Every structure is written in structure tokens, then in C-alpha cells.
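Engineer: Once you've had a glance at the structure underneath, I'll fire off some questions.
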Amino acid sequence: MTDRIDRDRRTGDRDVRMVRARPAWTAPVRAMTRMLNTEGSQPRPRQAPDERSSVVDCGLYVDGVRQPGEHGYAEALAAARREQQGFVWLGLHEPGPAEMAAIAETFGLHELAVEDAVKAEQRPKLERFGDVSFLVLRTARYVEHGELTENSEVVETGQVMLFIGPQFVISVRHGDACRLSPLRADLESKQELLAHGPWAVAYAVTDRVVDLYLEVADQVEDDLDTLEAQVFGRNTHSRIQRIYQMKRELVEFKRAVVPLQRPMLTLTGPTARADVPKEIRRYFRDVQDHLTRTVEQVASYDDLLNSILQARLAQVTVEQNNDMRKIAAWAAIAAVWTAIAGIYGMNFDFMPELRWVYGYPTVLTLMLAASLVLYRWFRRNGWL
């Protein structure tokens, strides 16, 4: 019995040494063997338990009326394709690459547009990938603040991207500058407009974004009025950093507004897209008018802010000159005392009034009188 145990132990030790002696290149081979099992199936990637879905809402619309019930986007798209006047509106909020890739496969979206929708670092534009149009909008929202400081955030920006297909529209929102849930509820009450299909949703989203531009422009104007009053006030202490911060916020707002003009011209000009309904083009023209007004406001604000900045710089230069004149005036007054004291500080035996009893108070009186005369003269000329 003891010999058998020793023999088994030696056999086990030999097996362990053989396992340890296997070359390192066999590990990938064993891993590949496990992946290619007898059924030929590959393991599915498991989703993280804390991974949230970016789908905010998915609605199926037929003849402008939302169909009851909750639908997955694949199921809703299949149902919309069975209807002649049906389409799907899928709303997403900051989707991840994996989820966006699955949605792109279902709806047939181009990979370049999908990459732009995930990164959300695009300027306003309108591109076409086959039957799908890709519209990028930059949203803006005014940030309330009690007082404008060097670090105040005035304008918050985000992005809304729209995939507009024959029977679907996908809205991808980044940031909280423009929420689309109230817009969806309002649009669902307008059956005649929504019956025009996905481009009606594109118009409604664009109109909401441009309306927010107008609101931001009006509130920025109030900040500019306050800043202008501070700069040109009698007791002004406005710092240049505040003006520069306001200019930076205005530049961010300008980047959202100005580039949108070209996509709007594409949708409303003579070479407008054929898949855009004529009635929706009229609505887009109204949005373009509002956008033009906002662009003009932003341009005027930029010019006004440049003028305020130049005026403040000129004020700083004038204030420095006034300080230099005051310093020079006080130095001239002190020079009288220094000159007289320097003369009588010389060690000469024969000097005027050197042995006079009233010499000391007389010299002090002379120095004070000369100082008062100089002070009054500088005061009259605006140096003090």
C-alpha cells in the first residue's frame, strides 16, 4: 500500500513537471480551441450589469398619430415599413459606441456619421449618406448668474444630431442645453404637421434650437448693457478680465449660430433636397429668418464688445497718465523742501540769515508757502 502511494505521488510530480514544461505558445492555441467549440459557435460578449441604455423614447407614428404601447426600435422600424405613412422617432441621449453600433446596424446608418454622433465634436452641417441625411446642430442655453465675474459661465452649449431616413428619424442629444421631451409632447399635438413624416421632426427640432438662440441673444444683450454701464460709469472699477470672459462666451455662442446658415440654405435654397416636403421647406424658411436675425445680433454684440474693450483699455491708459501726473506734482512740491533744506544743510560759515534768530521759522514758512502755491497751481490744472 505504501509503495502504491509513493508510485502515485511520483507519477503526479512527473505530470506537474510536464505541465510546467509546456511551451508558452500553447496557451493561445488552447484559448482558440475553447472558442471554436464542437458546435462552431462563438461566445457572446456579456453586457456590463451597470451599463445604462441611452434610449430616451421610441415612438411609432402613423399618419401623424403616435401608436399606443411601448416598442423597441427594431420592432417599431419593422412596423413602420409595413405602413405607408409610418415612421419611427428614436430619441437618444449621449449613446455609447456599442449601443450606437447596434442602432446603426438596424437602421443602416453610415459609419462616419455614427462616429460623429458618438464623439459630438462637430460643427453644424448637413450631409447625405444614401437615403439618410445627417444634420448636426449646436444647442445653446443661457446660464443664470448673479454677477458677471472673471469665471462666469454665460452660455452653455451642446449638440443635437439628427439621422433623417425615409421612415425614421433618430435624434442624438449631447448635453442639457436643449431637452427634446417637451418638444415631442408639443409636436404630437400637431397631427397635420407630424403627418409630413421625419422631416417634420427635423423642422421642429431646428426651430426649437433657433428659438433658444434668440432667447440667449436677448439675455446676453442685458449682460452687455450692464457691462457697458460699469465701464462708462463715473466711479468705474470694471476689470478687463470680465470683458474678456464675456468675449469668450460670445465666441462660443457665435460658433453655434453662424455655421448653421449653410445647412439652412441647403434646405431652403433653389437646390433644396427633393425628399424634403414643400410644406416643410416653408417652415424651414421661417427658421432661417430667425437664424439670420440671431446672426446679425451676434455680429453687433461682437462689435459692441470690441468697442467696450477698447474703451476700457483707453480708460486704463488715461488712469495711468493721471497717476503719473499726480506723482510728478507731489514730487515737484517735495523738491522745494529738498532744495531749500539741501542749501542750508551745507557747512558754510557765510550764508544769508545763518545767524538770524528768526531764520529757522522764516525758512519753514517760505517752504510751506511755496508748497501751497504749487499745490493750488497743480490743482487748478487738473494734476491733483
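Engineer: Based on the mean of other Cβ atoms within 10 Å per residue, sort peptides 142-150, 294-302 so the most packed one is first.
Structural biologist: Taking the mean over residues of other Cβ atoms within 10 Å, the ranking is 294-302, 142-150.
Engineer: Report, ordered by chain and residue number, the lysines lying within cross-link reach of LYS254, taken as a straight Cα distance under 17 Å and ignoring same-chain residues fewer than 8 apart.
Structural biologist: Leaving aside lysines fewer than 8 places away in the same chain, those within reach of LYS254 are LYS125.
Engineer: Round to the nearest 0.05 the FRET efficiency obtained for ARG255 and VAL55 when R0 = 41 Å and r is the Cβ-Cβ distance.
Structural biologist: Efficiency at R0 = 41 Å is approximately 0.90.
Engineer: Determine which aspartates and glutamates satisfy two conditions relative to LYS247: a Cα distance under 12 Å, and not lying fewer than 8 residues away in the same chain.
Structural biologist: Result set, ordered by chain and number: GLU150, GLU153, ASP223, ASP302, ASP303.
Engineer: Which lysines have a Cα lying under 18 Å from the Cα of LYS278, excluding residues fewer than 8 positions away in the same chain?
Structural biologist: LYS190
Engineer: Suppose R0 equals 51 Å. What FRET efficiency, 1/(1 + (r/R0)^6) with r the Cβ-Cβ distance, do SER152 and ALA74 give to the nearest 0.05?
Structural biologist: 0.65
Engineer: So what J values fall out for segment 313-325 if you push phi through Karplus, 6.51 cos²θ - 1.76 cosθ + 1.60 with θ = phi - 60°, rounded to Hz, Gly and Pro as x?
Structural biologist: In residue order, the calculated couplings are 4, 5, 5, 4, 5, 5, 4, 5, 5, 5, 5, 5, 5 Hz.
Read-outs throughout are calculated quantities, based only on the coordinates presented, and are distinct from any laboratory measurement. Everything numeric in this text was worked out from a predicted model, so none of it was measured. Reconstructed Cβ throughout: ideal geometry from the backbone, glycine too, with neighbour counts over all protein chains shown.
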